[in-house]
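What follows is a set of notes on a single structure, which appears directly below.
The values are calculated or read from the model by the stated rules, or taken from the named source; none is laboratory data. Because the structure is a prediction, the values reported are computed rather than measured. As a convention, Cβ positions derive from the backbone with ideal geometry for all residues, glycine included, and neighbour counts pool all protein chains shown.
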């Protein structure tokens, strides 16, 4: 499993638009699962509504993890996505 | 032959199959089902259809409005397939052994409630997205069609009555005419029909039955008669009228490109009333000289939350550009009274017509006002925009509106956004108070426009929505016409112009009175422009008298 911490910089937090783009991205790694954790809660990044329901705001730190055959590729792409969009 | 009698509210004859309007929010009923697999298959089909629609909307948006709006629809498409959302539906389906509609509705409510309970305003607002998506899936599940009309051929649209937000969503290319069980000449269906220039009959009551769907109706928007399977005599009369209507149209086409001038050289401005940018073709086809009333409510009525500045700007800009330098008078939001919008969160009023409506909302809630004014001023860089404030009763209100305008202009200056600093500002004359202080109001603004429906309602103390006031609701009442004269005299003394943007403007029996009073502009439904022009060109202004003010 690969993981990293990320602090949200977008003033709106993880809102619908980037959450949707994130979910789309996360679904594209086949058997490799991308998860988001915050305060002991873990959801799959592809679970769009659950991700939004975590209410992640600007300044919050989340842990992103990837698990599976393509985890290296997945974690890098997700890191790049977060840095560019959130 | 079956004959129905209603009230004709928009002239013309037409015939076509009857089609009953399907409400998009058809009620979901819980039913027991024995074959859950069949329900799942129905959901899969509805999901597929929903995603297809949303992707199409996203594509359309990307072409017209840009990426930001498109992504919203793509996000909606993802909601449709969201694992947890769908799991929730499946769980209800299995536990309750119910129909899919009920399961979808339950899931929608549960997820909307989850967002509504969050402490973040942005996330709370997302519950509207969930409701939107849920409604879409339900519509597809129940075969409800967006735009309300699932027919390949144009139809005569039947309904109990249509709400403003419903008339906005209609696919207008498929409507030949309207007939409704309720409604009145002032209802939104009637206004829409007149804008489109197609016949409408309201107040048909219970005689208009849903089982009439599919039968051919012959309707006459002047007499208010509807015939099914007409006998020979009725059909002959219908055909004669249709022929006359077609000849009239040819005759009216000769009025295009002509001036709105009387035989003795008095020029009038004949403008159009419109309700959305979609009405623009009707204005151009009927050769309107401008737009005297662009009702901005459509933006608010069709949205599920306050329309943002850009959405408004795009709509105003489209109309300003479409008119190519001709004047476009845009009225700021006239919500309240008969036009209610859920997200405005208005308190229930005993007397909404006398309540917090129109400019009163704007002055109480400056943020809503500011957004609209910014959009209007930005649009002023793209054509001849004029801003009009409704429901004015006092001079201080106008001054406050002008202060709000000045503030917005200053903001735009600082941001380097172009606008026209000489944008005309006008007010609606529709309350008796505004007539009494018209002389003082005229010094504050660039024009007056009289809203005759409301002016009649408030002057005669007659509710314009009430159907049974009949002869008491009389727009020809000398009190109303005298009010017009007082306002016109005040306008001219201050050197500004005055128009009429209510339905009365198209009333040819009052044209001479309007000429005698000295009305400068008449703003009417696009379909009334050419008949009005023909009447003006036959009039002699000098010989018109004020006799109707006396009787």
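Of all the listed residues (B:471, B:538), the sole one being surrounded by fewer than 19 Cβ atoms within 10 Å (Cβ to Cβ), under 21 Å from residue B:261 (Cα atoms) and assigned by TED's automatic domain parsing to the domain that holds residue B:338 is B:538.
The criterion of at least 2 residues that are crowded, with 21+ Cβ neighbours inside 10 Å and away from every other protein chain (no Cβ under 14 Å) is met by the following strands (runs of 3 or more DSSP E) wholly inside region A:1-77: A:61-67. Since residue B:376 meets every condition but one in (1) outside any helix (DSSP H, G or I); (2) within 26 Å of residue B:284 (Cα to Cα); (3) under 19 Å from the mean Cα position of the chain (by Cα), which condition does it not meet? Unmet for residue B:376, out of (1) outside any helix (DSSP H, G or I); (2) within 26 Å of residue B:284 (Cα to Cα); (3) under 19 Å from the mean Cα position of the chain (by Cα): (1).
Total residues in region B:497-527 satisfying the condition of being in a helix (DSSP H, G or I) and within 20 Å of the chain's Cα centre (by Cα): the figure is 6.
Take the conditions (1) surrounded by 21 or more Cβ atoms within 10 Å (Cβ to Cβ); (2) out of contact with any helix residue (DSSP H, G or I) (no Cβ under 8 Å at 6 or more places or on another chain); (3) assigned by TED's automatic domain parsing to the domain that holds residue B:502; residue B:179 misses just one of them, which is (3). Inspection of region B:122-141 identifies at least one residue that is within 19 Å of residue B:45 (Cβ to Cβ), within 13 Å of chain A (Cβ to nearest Cβ) and either in a helix (DSSP H, G or I) or under 31 Å from the mean Cα position of the chain (by Cα) (or both). Scanning region B:191-248 for residues that are part of a loop (DSSP other than H, G, I, E, B), at pLDDT 90 or above and over 19 Å from residue B:5 (Cβ atoms) returns B:198, B:213, B:214. Of all residues in region B:54-68, at least one satisfies being more than 10 Å from chain A (Cβ to nearest Cβ), in contact (Cβ under 8 Å) with a residue 24 or more places away in the chain and surrounded by 17 or more Cβ atoms within 10 Å (Cβ to Cβ).
The requirement of being at pLDDT 90 or above, out of contact with any strand residue (DSSP E or B) (no Cβ under 6 Å at 6 or more places or on another chain), crowded, with 16+ Cβ neighbours inside 10 Å and away from chain A (no Cβ under 11 Å) is not satisfied by residue B:91.
A quick yes/no check of all residues on (1) part of a helix (DSSP H, G or I); (2) out of contact with any strand residue (DSSP E or B) (no Cβ under 7 Å at 6 or more places or on another chain):
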{"position": "B:273", "(1), (2)": "no, no"}
{"position": "B:278", "(1), (2)": "yes, yes"}
{"position": "B:307", "(1), (2)": "no, yes"}
{"position": "B:313", "(1), (2)": "yes, yes"}
{"position": "B:348", "(1), (2)": "no, yes"}
{"position": "B:367", "(1), (2)": "yes, yes"}
{"position": "B:371", "(1), (2)": "yes, yes"}
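Kindly check whether there is at least one residue in region B:95-105 that is more than 9 Å from chain A (Cβ to nearest Cβ), under 37 Å from the mean Cα position of the chain (by Cα) and within 15 Å of residue B:51 (Cβ to Cβ). So far as region B:95-105 goes, yes, one or more of its residues are more than 9 Å from chain A (Cβ to nearest Cβ), under 37 Å from the mean Cα position of the chain (by Cα) and within 15 Å of residue B:51 (Cβ to Cβ).
Residue B:363 falls short of the stated requirement of being assigned by TED's automatic domain parsing to the domain that holds residue B:324 and touching a strand residue (DSSP E or B) at 6+ places or on another chain (Cβ under 7 Å). Going by the conditions given, is residue B:413 surrounded by fewer than 21 Cβ atoms within 10 Å (Cβ to Cβ), outside any loop (DSSP other than H, G, I, E, B), at pLDDT 95 or above and in contact with a helix residue (DSSP H, G or I) (Cβ under 6 Å, 6 or more places away or on another chain)? It is false that residue B:413 is surrounded by fewer than 21 Cβ atoms within 10 Å (Cβ to Cβ), outside any loop (DSSP other than H, G, I, E, B), at pLDDT 95 or above and in contact with a helix residue (DSSP H, G or I) (Cβ under 6 Å, 6 or more places away or on another chain).
State yes or no: is residue B:477 under 20 Å from residue B:522 (Cβ atoms) and surrounded by fewer than 17 Cβ atoms within 10 Å (Cβ to Cβ)? In short, no. When region B:140-170 is examined, which residues are found to be within 26 Å of residue B:340 (Cα to Cα), at pLDDT 85 or above and surrounded by fewer than 23 Cβ atoms within 10 Å (Cβ to Cβ)? Result: B:160, single match. What residue, among those in region B:350-365 that are farther than 23 Å from residue B:404 by Cα and in a helix (DSSP H, G or I), is modelled with the highest pLDDT? For region B:350-365, the residue satisfying everything is B:354.
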